[in-house]
Structures are given as structure tokens and as C-alpha cells.
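The values are calculated or read from the model by the stated rules, or taken from the named source; none is laboratory data. Everything numeric in this text was worked out from a predicted model, so none of it was measured. All Cβ positions, glycine included, derive from the backbone under ideal geometry; neighbour counts span all protein chains shown. Note: areas computed on protein heavy atoms with side chains; ligands, DNA, RNA excluded. Shrake-Rupley method; radii C 1.70, N 1.55, O 1.52, S 1.80 Å.
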Amino acid sequence: GVWDLAAGSPWLDVPDPPAAPGLFGDGDGADIYVDAARFLPDSVTLSQVVVRVVTRSAKVVFNFRKHLDPRSPSIRCPVFNARKELRCGDAGWDPTLTLIIQLDTLELRPPDRPSAAAAARAGNALAGGEAGYDSALAGAGGGGGDAAGGRIGGWRTVGFAAIGVFVDPATGHQPEDPEMREFLLREGAFQLPVFRGGLSPGEPVTADAFTKRRRRLCCTVLVRILPAARSHDGLRLLSAAAGPPPATLPPAPFPGARAATAATRMSAEAAAASAAAWEEYRLAVVRPASYRAGLYASGASRPSPLEAMLYPHRARAEARGRAGVEWALTAAAAAGFGGAWGLDDEEAAAMRDLGPYLSQEYPPGLTRIA
């Protein structure tokens, strides 16, 4: 499931999904998921995604920000569980839309190296400096430790990933004409490369424009673009923007749910309304599959010869010492950045007991997986 996104082979060769079965119209909607990132640089601590949907002329249709889930097993392969509903405005759909994911992190900087005079007095300047740097990485790479060997240096941008939201059915590429009326949703799950730079002022905003920038080696983002689910009668687009319905009556399919006991405390109308709300929520929200299931199309992130050589080393390093989120939270708080990560009671409890890994966005009982 969602917590297994970093498992399996470091990079799987997965073909592109088939084209969407029908044209996308003003009455349709899409749901954007940013599930996780894989193999971020060693200097990351706590990361976030800033997600934007932008027209070719650089008009931002929407944007949102999501920190990593504090129950992520690793800070270098963080899980975000980010989801946004994309719905048509009064002006209709612009088929040139590009989904842009900006990856930011609180950077772990190496300790300041001593001056030449201080190094001479210490007797071993180079060894002392390198040892300090290595201890900083060791503290981040293990499950515990502190930030004594390094320091949190503030927010830095790791890079950008991008993909066109729609497809021209005639060419299979991202449309260039905002007046085009026949286009398809780029439906599916994708593993996107991360590029080090953004676009220049005045440059048309397209997914292809980012490919002219240098790639962040072995660093990718897992995203999904899915059509919005509809009600059983097909007349309404379903929404889960408000989160899961109140758990006054756990739906019967939940493991261990005491539905019969709960139902005795509710009227028949309330029980029916709760069951209907959960049914719609199950239809609206789609859990991510494990990365090892091979569902994330990876053609855009095909490794270069250098990346092919580095991937096994990155995977082994990650397996040897997963950098703990709890350590990163402690280090960020010590550096004065804790306020931006205000955890709610559920998240704070999860930080104390990482066993269940139950995410607020993906409660038990969701049956749709993609």
C-alpha cells in the first residue's frame, strides 16, 4: 500500500498507460495525487511539495502545498499523500494545462570548517572537517542521532517535475492551442524525473520545456492523474475535499468494525446517511498501489547510464540506514523551524508509535487502488 512506495527495485521499467477511453469535457473532473518522492539527495531533512497547475501562458489555475506525512518511513523517500480535485471553471478547460511539482526541503548543511589557523592548532584540519561532515550524514542516515554534526540551513528547492494534464488525441502530445475542444485526460500513474531548474520568464509553460534542464540524478516523483468519480446515477462528480466522513458509524467492511453496536445508537436515517457518505468517499478516493506493483509509468524517468550505475548504490544506502522523520522533526524544531510542522494529535501519536501507519487520507476500507 501507500507505505510500501519506496520498496522493491530502485527503478522499474513500466510502459505508458493506454489512452483515456473518451474525450474530456467541461462536465468532467480530474483528481491529482502526488504520492511520494524517491531517492532525494542526502542533504534533505523535512520536505514538502508545492503543486501548481499552470496554463501555457503561465496563468496558475490552482496551487497547494503539502508537507511529507510525518509517518513516512524515510526522509529520502518521503510519502506525501497529497490530493487535489481539479474541476472546470466558468471559462471551461484549457487543454494546455501543465502539472508542476516543486520539491522543497529543509537542507542539512555540513558544519563550518575551521580556519587555517585553527586547523593548524588542532593539528589535523582536513580530517577534522571531513569527520564532522561524515558525522552529520551519519546522524541523518540512521534512525536516530542529533544534528550536532550539521545544521538545518533553511528551505531549499530540490527541483521540479512536470507533466501535461491533457493529450491531443491526434498527436499523443500535450496540446499547444488553448482553443482546442477535443482532447483526452492524461490518465494514469507516472514516475517523473526531477529537474534542477525552473523555466525562464516568458518561456511557454509545457512539460517538455523542463526536459531542457539538468536532471537531479536518481530523484523522481510518483504522481497520478485520475478521472473524478461520479455518483451512481452519473449526474454528480464526487468530492472528498472535506476529508473522510465523521466516523460515527464505521462502515461494515472495515476490519473489526462494530457496526451493529454503533447502529443501535443512531437513527435509521443517520445510519443510512453515514453509510452513503462512506460509500461515496470510497468511490472518490483511490489508494496508491505499491511501487513494486509496477503501475507507475516510468518512460519519462528512464535512467541515464550514470543513473543506472548509481541506482543500486542509492538503494543499498537507503536500506542500510533509513533517515528517520522523528530525527528530522527534532532537528528542525531545534533550528527554529518546528512551527511550520504543527502536528495534530493523531500525527503526534503516530510519531510516538510508528506501528500502524494509518494515514488520514487513506483510511481502511478503501477498495479502489491504482
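Numbers for the structure displayed
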read-out: Number of the condition not met by residue 77 [criteria: (1) modelled with pLDDT of 90 or more; (2) within 30 Å of residue 170 (Cα to Cα); (3) in a loop (DSSP other than H, G, I, E, B)]; value: (2)
read-out: Residue selected from segment 312-326 under the condition modelled with pLDDT of 75 or more and touching a Ser or Thr at 6+ places or on another chain (Cβ under 9 Å), by the criterion farthest from residue 72 (Cα to Cα); value: 315
read-out: Candidates 159, 188, filtered to the one that is open to solvent by less than 40 Å² (accessible area, probe 1.4 Å), at pLDDT 85 or above and under 30 Å from residue 109 (Cβ atoms); value: 159
read-out: Criterion: of a type in the set (Lys, Arg) and modelled with pLDDT of 60 or more - qualifying residue of 287, 352; value: 287
read-out: Residue list for segment 200-212, restricted to those being part of a loop (DSSP other than H, G, I, E, B) and open to solvent by less than 50 Å² (accessible area, probe 1.4 Å); value: 203, 205, 206
read-out: Residue list for segment 213-246, restricted to those being part of a loop (DSSP other than H, G, I, E, B), more than 30 Å from residue 304 (Cβ to Cβ) and open to solvent by 50 Å² or more (accessible area, probe 1.4 Å); value: 232, 233, 235, 236, 239, 241, 242, 246
